[in-house]
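First up is the structure itself, then whatever we jot down about it.
The values are calculated or read from the model by the stated rules, or taken from the named source; none is laboratory data. Owing to the predicted nature of the structure, the values given are computational and were not obtained by experimental measurement. Ideal geometry is used to build each Cβ from the backbone, glycine not excepted, and the neighbour counts take in all protein chains shown.
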Amino acid sequence: MARKEQPKSTWSAVKSTVLKLDRDALMALIRDLYDLSPSNRQYVDARLRLGQDSLIEYKQTVAECMYPDAERNRPVQISKAKKAISEYRKATHDVRGEIDLMIHFVECGNQFTLEYGDIDGPFYDSLLSMYGRAVETVVKLPESQQEPFRKRLLELTKSSDGIGWGYHDGLCDEYYSAFPETDA
(Lines give C-alpha, C1' and ligand atoms only; values in the text may rest on other atoms or scores of the structure.)
Protein backbone atom coordinates (compact mmCIF):
# COMPACT_ATOMS: atom_id res chain seq x y z
CA MET A 1 0.00 0.00 0.00
CA ALA A 2 1.48 3.33 -1.07
CA ARG A 3 1.91 6.00 1.57
CA LYS A 4 0.01 9.17 1.02
CA GLU A 5 2.32 12.14 0.95
CA GLN A 6 1.46 14.67 3.63
CA PRO A 7 1.05 18.26 2.53
CA LYS A 8 3.84 20.55 3.67
CA SER A 9 3.18 22.94 6.48
CA THR A 10 2.96 26.61 5.60
CA TRP A 11 3.41 29.73 7.71
CA SER A 12 -0.27 30.46 7.21
CA ALA A 13 -1.23 27.11 8.79
CA VAL A 14 1.24 27.60 11.66
CA LYS A 15 0.01 31.14 12.31
CA SER A 16 -3.61 30.01 12.32
CA THR A 17 -2.85 27.28 14.86
CA VAL A 18 -0.68 29.50 17.08
CA LEU A 19 -3.41 32.16 17.23
CA LYS A 20 -5.70 29.55 18.79
CA LEU A 21 -3.24 28.76 21.61
CA ASP A 22 -3.80 30.20 25.05
CA ARG A 23 -0.98 32.00 26.84
CA ASP A 24 0.24 28.92 28.75
CA ALA A 25 0.33 26.76 25.62
CA LEU A 26 2.20 29.48 23.72
CA MET A 27 4.74 29.83 26.52
CA ALA A 28 5.21 26.04 26.58
CA LEU A 29 5.83 26.03 22.82
CA ILE A 30 8.42 28.79 23.10
CA ARG A 31 10.09 27.03 26.05
CA ASP A 32 10.24 23.75 24.09
CA LEU A 33 11.77 25.51 21.08
CA TYR A 34 14.24 27.28 23.36
CA ASP A 35 15.30 23.99 24.94
CA LEU A 36 15.45 22.11 21.63
CA SER A 37 18.90 23.24 20.54
CA PRO A 38 21.75 25.58 21.44
CA SER A 39 21.21 27.53 18.22
CA ASN A 40 17.53 28.10 19.10
CA ARG A 41 18.59 29.28 22.56
CA GLN A 42 21.19 31.62 21.07
CA TYR A 43 18.61 33.01 18.61
CA VAL A 44 15.98 33.68 21.29
CA ASP A 45 18.54 35.25 23.62
CA ALA A 46 19.76 37.52 20.82
CA ARG A 47 16.24 38.42 19.71
CA LEU A 48 15.19 39.33 23.24
CA ARG A 49 18.61 40.82 24.04
CA LEU A 50 19.07 38.58 27.09
CA GLY A 51 22.28 37.72 28.90
CA GLN A 52 25.64 38.88 27.62
CA ASP A 53 26.06 40.72 24.36
CA SER A 54 24.88 38.19 21.78
CA LEU A 55 27.35 39.56 19.22
CA ILE A 56 30.17 38.05 21.28
CA GLU A 57 28.68 34.56 21.02
CA TYR A 58 28.15 34.85 17.27
CA LYS A 59 31.70 36.18 16.80
CA GLN A 60 33.01 33.18 18.71
CA THR A 61 31.07 30.83 16.43
CA VAL A 62 32.45 32.57 13.33
CA ALA A 63 36.00 32.44 14.71
CA GLU A 64 35.74 28.72 15.53
CA CYS A 65 34.52 28.06 11.99
CA MET A 66 36.91 30.29 10.04
CA TYR A 67 40.02 29.93 12.20
CA PRO A 68 39.67 26.41 13.59
CA ASP A 69 42.23 24.63 15.75
CA ALA A 70 44.27 23.03 12.96
CA GLU A 71 46.43 21.15 15.44
CA ARG A 72 43.32 19.31 16.59
CA ASN A 73 42.41 18.61 12.97
CA ARG A 74 39.30 20.81 13.07
CA PRO A 75 38.03 21.75 9.60
CA VAL A 76 37.11 25.18 8.31
CA GLN A 77 33.30 25.39 8.29
CA ILE A 78 32.34 28.20 5.95
CA SER A 79 28.63 27.36 5.72
CA LYS A 80 28.28 27.20 9.52
CA ALA A 81 29.95 30.61 9.86
CA LYS A 82 27.65 32.09 7.19
CA LYS A 83 24.65 30.60 8.96
CA ALA A 84 25.70 32.24 12.23
CA ILE A 85 25.82 35.64 10.50
CA SER A 86 22.43 35.06 8.92
CA GLU A 87 20.90 33.99 12.24
CA TYR A 88 22.33 37.05 13.98
CA ARG A 89 20.84 39.33 11.30
CA LYS A 90 17.41 37.69 11.59
CA ALA A 91 17.44 37.68 15.38
CA THR A 92 18.63 41.21 16.03
CA HIS A 93 18.16 43.32 12.88
CA ASP A 94 21.41 45.00 14.00
CA VAL A 95 23.14 46.18 10.81
CA ARG A 96 26.33 47.34 12.55
CA GLY A 97 26.63 44.00 14.37
CA GLU A 98 26.09 42.15 11.11
CA ILE A 99 28.85 44.20 9.43
CA ASP A 100 31.12 43.44 12.37
CA LEU A 101 30.44 39.71 11.91
CA MET A 102 30.99 39.83 8.14
CA ILE A 103 34.33 41.58 8.54
CA HIS A 104 35.26 39.22 11.38
CA PHE A 105 34.53 36.28 9.03
CA VAL A 106 37.07 37.64 6.52
CA GLU A 107 39.58 38.61 9.21
CA CYS A 108 39.53 35.08 10.65
CA GLY A 109 39.89 33.45 7.22
CA ASN A 110 42.66 35.87 6.31
CA GLN A 111 44.54 35.19 9.55
CA PHE A 112 44.10 31.44 9.13
CA THR A 113 45.78 31.72 5.72
CA LEU A 114 48.61 33.85 7.07
CA GLU A 115 49.30 31.29 9.76
CA TYR A 116 48.82 28.04 7.83
CA GLY A 117 49.36 28.96 4.17
CA ASP A 118 47.20 29.10 1.06
CA ILE A 119 43.95 27.15 1.13
CA ASP A 120 42.05 26.88 -2.18
CA GLY A 121 40.00 28.88 -4.66
CA PRO A 122 36.55 28.23 -3.15
CA PHE A 123 37.82 29.32 0.29
CA TYR A 124 39.02 32.66 -1.11
CA ASP A 125 35.86 33.05 -3.19
CA SER A 126 33.87 32.80 0.07
CA LEU A 127 36.08 35.38 1.75
CA LEU A 128 35.78 37.74 -1.23
CA SER A 129 32.03 37.31 -1.38
CA MET A 130 31.64 38.11 2.31
CA TYR A 131 34.03 41.06 2.00
CA GLY A 132 31.93 42.37 -0.89
CA ARG A 133 28.73 42.05 1.17
CA ALA A 134 30.41 43.89 4.05
CA VAL A 135 31.58 46.71 1.76
CA GLU A 136 28.10 47.04 0.21
CA THR A 137 26.52 47.27 3.66
CA VAL A 138 29.07 49.76 5.01
CA VAL A 139 28.45 52.05 2.02
CA LYS A 140 24.75 52.20 3.00
CA LEU A 141 25.57 53.47 6.50
CA PRO A 142 25.68 57.21 7.20
CA GLU A 143 29.21 58.39 6.52
CA SER A 144 29.72 59.21 10.20
CA GLN A 145 29.31 55.50 11.08
CA GLN A 146 31.52 54.05 8.32
CA GLU A 147 35.01 54.90 9.62
CA PRO A 148 35.70 52.01 12.04
CA PHE A 149 34.54 49.49 9.44
CA ARG A 150 36.46 51.16 6.62
CA LYS A 151 39.65 50.96 8.71
CA ARG A 152 39.21 47.21 9.24
CA LEU A 153 38.38 46.64 5.57
CA LEU A 154 41.45 48.59 4.48
CA GLU A 155 43.63 46.65 6.94
CA LEU A 156 42.42 43.42 5.32
CA THR A 157 43.56 44.63 1.91
CA LYS A 158 47.00 45.40 3.34
CA SER A 159 47.43 42.16 5.29
CA SER A 160 46.33 40.04 2.33
CA ASP A 161 49.22 41.19 0.14
CA GLY A 162 50.98 38.06 -1.06
CA ILE A 163 48.02 35.70 -0.67
CA GLY A 164 47.28 33.92 -3.93
CA TRP A 165 44.20 32.94 -5.93
CA GLY A 166 43.50 36.59 -6.88
CA TYR A 167 42.33 37.17 -3.32
CA HIS A 168 44.40 40.29 -2.58
CA ASP A 169 43.52 41.87 -5.91
CA GLY A 170 39.84 41.11 -5.33
CA LEU A 171 39.87 42.77 -1.93
CA CYS A 172 41.60 45.84 -3.35
CA ASP A 173 39.13 46.05 -6.25
CA GLU A 174 36.15 45.87 -3.88
CA TYR A 175 37.58 48.39 -1.44
CA TYR A 176 38.81 51.04 -3.88
CA SER A 177 35.67 50.77 -6.03
CA ALA A 178 33.56 51.61 -2.97
CA PHE A 179 35.94 54.11 -1.40
CA PRO A 180 37.98 55.62 -4.27
CA GLU A 181 39.08 58.66 -2.27
CA THR A 182 41.09 56.50 0.16
CA ASP A 183 44.87 56.72 0.08
CA ALA A 184 46.70 53.40 0.15
Only one of (1) of a type outside the set (G, A, S); (2) assigned to a helix (DSSP H, G or I); (3) in the same structural domain as V139 (by TED's automatic domain parsing) fails for N40. Which number is that? (3)
Among (1) over 21 Å from K151 (Cβ atoms); (2) in contact (Cβ under 8 Å) with a residue 40 or more places away in the chain - the single one R89 does not satisfy: (2)
Contacts under 8 angstrom Cβ, first residue in region 28-39 being in contact (Cβ under 8 Å) with a residue 12 or more places away in the chain and farther than 16 Å from E87 by Cα, partner surrounded by 10 or more Cβ atoms within 10 Å (Cβ to Cβ) and not basic (K, R), 6 or more apart: I30/V44
Taking G164, is it at negative phi and part of a helix (DSSP H, G or I)? no
Tell me, yes or no, whether region 2-10 has at least one residue that is surrounded by 10 or more Cβ atoms within 10 Å (Cβ to Cβ), among the aliphatic types (A, V, I, L, M) and either outside the structural domain of I119 (by TED's automatic domain parsing) or within 20 Å of the chain's Cα centre (by Cα) (or both). no
Quick check on region 103-160: of everything there that is free of Cβ contacts under 8 Å to residues at least 24 places away in the same chain and outside any helix (DSSP H, G or I), which residue is nearest to I56 (Cα to Cα)? P142
Of the residues in region 18-32 that are hydrophobic (A, V, I, L, M, F, W, C) and out of contact with any helix residue (DSSP H, G or I) (no Cβ under 8 Å at 6 or more places or on another chain), the one that is nearest to R47 (Cα to Cα) is M27
Within region 81-120, which residues are β-branched (V, I, T) and crowded, with 20+ Cβ neighbours inside 10 Å? I85, I99, I103, V106, T113
Restricting the search to region 45-64, which residues are touching a residue at least 24 places away in the same chain (Cβ under 8 Å) and either of a type in the set (G, A, S) or not in a loop (DSSP other than H, G, I, E, B) (or both)? A46, R47, S54, L55, Y58, K59, V62, A63
Counting only residues that are assigned to a loop (DSSP other than H, G, I, E, B) and surrounded by 15 or more Cβ atoms within 10 Å (Cβ to Cβ), region 167-184 contains a total of 1
